[in-house]
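Have a look at this one before I ask anything.
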Amino acid sequence: MQNRKNAVIAGYVGNVIEWYDFALYGFMASILSQLFFPSDNEVASLLATYGVFAAGFVMRPLGSFVFGWLGDTIGRSKTMLLSVALMFLPTLFLGLLPSYAVIGIWAPILLVIIRLVQGLSVGGEFSSSVTYLVETADPDHRGRAGSWANQGAISGMLLGAGLAALVTTVFPKEVVLEWACSSPRA
């Protein structure tokens, strides 16, 4: 029973973290567009930022395929751990990534690479956790067990939305942008 509870908690928390990281980018796109795609045309900068966001979503099916195969090959637990680690590293790199003002064209190029890896990881985490939760559940409770991954994904997106709303409500856009630009990496 304790192993089952741990599996549900791991599936839920893993998806909260993955989807929080993944969704926060979209909620903060107006700030990111100025840091990584500076232009006289704000709409073009924002479209480029959302294009990178979309690229992450394109990678999700590939992540499901790759991590599904890995789950079948090396086991779901190891695969889920790998997908969480694969999400942690690009998220860390995103936090340390210098802006366009510091490294020029390399900033958006590295941003695209980071988002592609994050998309791969999210696709792998979600599909692996749903499969793991369903496979390890009592046959009479498989639907409910698998739903914990969805609950985690929604919770992560809500957490990202809440944090973005809090930051952008409490601080004016200029202050948030100044804070982002005054960090050691910008």
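The values are calculated or read from the model by the stated rules, or taken from the named source; none is laboratory data. Bear in mind the structure is a predicted one, so any value in this text is a computation, not a measurement. Cβ sites come from the backbone with ideal geometry, for glycine too, and all protein chains shown count toward neighbours. The area values use the complete protein model at the heavy-atom level, side chains included, leaving out ligands, DNA and RNA. Shrake-Rupley method; radii C 1.70, N 1.55, O 1.52, S 1.80 Å.
Is it the case that some residue within the stretch 14-29 is in contact with a helix residue (DSSP H, G or I) (Cβ under 9 Å, 6 or more places away or on another chain), at pLDDT 90 or above, open to solvent by less than 30 Å² (accessible area, probe 1.4 Å) and not basic (Lys, Arg)?
Yes, that holds for at least one residue.
Going through the stretch 30-40 one residue at a time, which ones are polar (S, T, N, Q) and open to solvent by less than 10 Å² (accessible area, probe 1.4 Å)?
Within the stretch 30-40, SER33 is the sole residue that qualifies.
Same structure again: Of the residues that make up the stretch 58-67, is at least one over 18 Å from ALA164 (Cα atoms) and among the polar types (S, T, N, Q)?
For the stretch 58-67, residues over 18 Å from ALA164 (Cα atoms) and among the polar types (S, T, N, Q): present.
Is there any pair linking a residue in the stretch 80-109 that is more than 18 Å from VAL13 (Cβ to Cβ) and open to solvent by 80 Å² or more (accessible area, probe 1.4 Å) to one that is of a type in the set (D, E, K, R) and outside any helix (DSSP H, G or I), with Cβ under 8 Å and at least six apart or on different chains, and which?
Going by the 8 Å Cβ cut-off, the qualifying pairs are LEU96/ARG185.
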